[in-house]
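Below is one structure, written out as structure tokens; the observations come after it.
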Amino acid sequence: MKLYVHDALYVASINLFGTPEQIAHFLPPNLDPRVNGCFAMTELGHSSSLQDLETTATYIPETREWSITSPTITSTKWWIGGAGGTATHAVMVSQTSIKGTSYGLAWFIVQLRSIEDGRLLPGVVCGDVGAKAGRNGLDNGWIQLTDVRVPLNNMLMKWMQVDEEGNVSPPPHPAVMYATLIPERISSLSGIKILVAQSVTIACRYGVTRRQGPGNPQIIDFQAQTVNMLPLVAGIYVYMNTEKRMEARWNRLQIAAAEDPDTYLKELPDIHCISAGLKAVGTWWGSHAFETCRRACGGHAYSSYNAIAGHIDDWGVFTTGGGDNFALIQQLSRYVFTCVKSVLSSNGQDANCFGSAKFINNAPQILRSGFKFPDTPGSYSNLKNYVDLFAYLVVKKAADLIAQFAQEKKKNPDTDVWNLFQSEMMRLGALFVYQYIFELYLEELEDLKNSSSADSQRILPVLTQCGLLFAGDLIRREVMDSVLEDGCMSREQSQTLRRTVYQSAKELRANVIGLTDAFGFPDFILKAPIGRYDGDIYREYFKVVSSAPDCFKTPYFESEVKPLLVRSQL
């Protein structure tokens, strides 16, 4: 994790916000290996609410320096990975002040510790935030600065420039100053394929090894187990595809930032918002997946020796780090709301949505046509039907909210409509994410279908099955109320969908070992006896437990219990 923070946050921020000259200066090919960077954004009193951050960077023209200060207790940089003990440098976001005028946020390179002996530099105070629910190997810390001086050029100036006299060239779009959060949020999806996939592998292997009940069946063949576990396997494949395609899009945009800035600036708001929503919905789903895996293994998953409990502890950071999920999903919701409102208000004439929101250009037609889930043979085996269903639910939910906002404002102009409908706005964001991940998955299936590779044709049926199962399961668990409220399915169709999910999970069960083995985790990575590749789970589990320190010791008897039993009479 310390290397991740340095590479994916510190180095990536310099590459994203620095000029070519600054990149060459701060990240030379022969960069001193003693330099270890961190990413100082969140603050004690504001978390990742960027507009509220208080750390200040005041330009001093006489010395051509910035004075960076933490003016209040709430401005203390908090939860900064690496700052507790190891980071020597930080990319720090601060409010800029030049000649008494505030120019918003900018990013600064600030040295925290000596690379010679690790001692804090003058004006810098850092400490560790202490014990956490998980990831205690990472020294998350806090930072307070008092008039720490850094040169003018330590402000990263790719998008916002300040010259020696203090003249400012502002960024072309406010979103460019937040772009470093995009790859971090996309990378949170990698946690699904790295960590969630491990727990799912362990739980599925345990499910095919453990036998119980009349006839001694494998417990994964009980319907409750099958219907709970197989959608998780399917979901991992859907989210892996989402991450792959989002990474590819972001990489293209990074190239465009240098070669075609207009394209970069046009697409940035969309990828900024969809990455926020994907991070929120994806990591919430991860939390659901972990708890499902724990329950699927009974008491054995409560043991620290079987990894799942540790995964749950470590996962909590994903739902808050890089932006709290409740804030991020609303960021996406506002974007979707604005897109739909713009298109509907112009009756489709102002249809300029693109990227994840391009289907919203058809919002007037979508609303006029409505959506009834096809009630024909094979309709539940066509992923396009699910994509269209989610698209309709997004547009209908946004249109309803637009009308409700206007109605409430008409009754009372002072009404805080955003808070009044906050829960429904968050639901709008989740629906949008579901539409997007299955649209991307449908594109992947089309690519496989059109591929000349024999391997692509062999895996196409089972990957299609994964997409259908995950889509049906999400509708069944998460959005069936909206589906029924908006008349997209009849009562009988909702029952058919539920039965279809059960049957699809049962059919995918035949491939559960192949699908989880394909994640590629060897036993020494899983570190879970009940998830052993060879299925010899009990012998190894007992060996691990009986080899643990103090397994056979009764630590309190001699010191606490025995004196009470044999004490002499007074």
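Here are the numbers for the structure shown:
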quantity	calculated
Strands (runs of 3 or more DSSP E) contained in segment 98-200 and holding at least 1 residues in contact (Cβ under 8 Å) with a residue 40 or more places away in the chain and of a type in the set (F, W, Y)	101-111, 141-145
Tally, over segment 138-169, of residues that are closer than 26 Å to L44 by Cα and among the hydrophobic types (A, V, I, L, M, F, W, C)	8
Considering residues of segment 139-179 that are touching a Phe, Trp or Tyr at 6+ places or on another chain (Cβ under 9 Å) and farther than 19 Å from T96 by Cα only, the residue surrounded by the most Cβ atoms within 10 Å (Cβ to Cβ)	G141
Failed item in (1) farther than 27 Å from A40 by Cα; (2) touching a helix residue (DSSP H, G or I) at 6+ places or on another chain (Cβ under 8 Å), with D262 passing the rest	(2)
Members of segment 502-553 that are assigned to a helix (DSSP H, G or I) and open to solvent by less than 30 Å² (accessible area, probe 1.4 Å)	S504, A505, L508, V512, L515, T516, L526, P529, I530, G531, I537
Selection count, segment 70-81, where residues are crowded, with 20+ Cβ neighbours inside 10 Å and either in a strand (DSSP E or B) or in contact with a His (Cβ under 7 Å, 6 or more places away or on another chain) (or both)	4
Count - residues of segment 554-567 that are basic (K, R) and either closer than 15 Å to T209 by Cα or open to solvent by 100 Å² or more (accessible area, probe 1.4 Å) (or both)	1
Among (1) open to solvent by 10 Å² or more (accessible area, probe 1.4 Å); (2) touching a Gly at 6+ places or on another chain (Cβ under 8 Å), the one test that F432 misses	(1)
Matching residues in segment 180-208 - criterion: being open to solvent by 10 Å² or more (accessible area, probe 1.4 Å) and either within 13 Å of E247 (Cα to Cα) or under 9 Å from the mean Cα position of the chain (by Cα) (or both)	P183, E184, R185, S187, S190
Which listed residue, of E485, E443, is more than 22 Å from I194 (Cα to Cα), out of contact with any Leu (no Cβ under 8 Å at 6 or more places or on another chain) and without any contact (Cβ under 8 Å) to a residue 12 or more places away in the chain	E485
Failed item, numbered, when K279 is tested on (1) open to solvent by 50 Å² or more (accessible area, probe 1.4 Å); (2) touching a helix residue (DSSP H, G or I) at 6+ places or on another chain (Cβ under 9 Å); (3) in contact (Cβ under 8 Å) with a residue 24 or more places away in the chain	(1)
Segment 337-358 residues that are more than 15 Å from A391 (Cβ to Cβ), paired with ones that are open to solvent by 50 Å² or more (accessible area, probe 1.4 Å) and assigned to a loop (DSSP other than H, G, I, E, B) (beta carbon under 6 Å, 6 or more apart)	S342/D350
Residue count, segment 291-302 (criterion: in contact (Cβ under 8 Å) with a residue 24 or more places away in the chain and either over 29 Å from I329 (Cβ atoms) or surrounded by 24 or more Cβ atoms within 10 Å (Cβ to Cβ) (or both))	5
Selection count where residues are among the β-branched types (V, I, T) and open to solvent by 50 Å² or more (accessible area, probe 1.4 Å), scope segment 328-355	1
Residue check, K266 over 22 Å from the mean Cα position of the chain (by Cα), surrounded by fewer than 21 Cβ atoms within 10 Å (Cβ to Cβ) and assigned to a helix (DSSP H, G or I)	yes
Hits in segment 97-110 - residues which are under 18 Å from I60 (Cβ atoms) and in contact with a strand residue (DSSP E or B) (Cβ under 9 Å, 6 or more places away or on another chain)	S97, I98, K99, T101, S102, Y103, A106, F108, I109, V110
Qualifying positions in segment 13-69 - crowded, with 19+ Cβ neighbours inside 10 Å and in a helix (DSSP H, G or I)	S13, I14, L16, F17, Q22, F26, L50
Selection from segment 475-501 of residues that are surrounded by 14 or more Cβ atoms within 10 Å (Cβ to Cβ) and touching a Gly at 6+ places or on another chain (Cβ under 8 Å)	L497, T500, V501
Residue satisfying all of: in segment 390-423; of a type in the set (S, T, N, Q) and closer than 20 Å to L367 by Cα; surrounded by the fewest Cβ atoms within 10 Å (Cβ to Cβ) among these	Q407
A87 being open to solvent by less than 10 Å² (accessible area, probe 1.4 Å), within 15 Å of P151 (Cβ to Cβ) and touching a residue at least 12 places away in the same chain (Cβ under 8 Å)	no
Filter result for F371 (open to solvent by 70 Å² or more (accessible area, probe 1.4 Å) and either farther than 30 Å from L265 by Cβ or at pLDDT below 95 (or both))	no
Residue ranges of helices (runs of 4 or more DSSP H) in segment 307-415 with at least 1 members among the β-branched types (V, I, T) and out of contact with any Lys or Arg (no Cβ under 7 Å at 6 or more places or on another chain)	325-345, 363-369, 383-411
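The values are calculated or read from the model by the stated rules, or taken from the named source; none is laboratory data. Everything numeric here is computed off the predicted structure, so don't read it as measured data. Note that we place each Cβ from the backbone using ideal geometry, even for glycine, and neighbour counts take in every protein chain shown. What goes into the accessible areas is simple: the full protein's heavy atoms, side chains included, and nothing from ligands, DNA or RNA. Shrake-Rupley method; radii C 1.70, N 1.55, O 1.52, S 1.80 Å.
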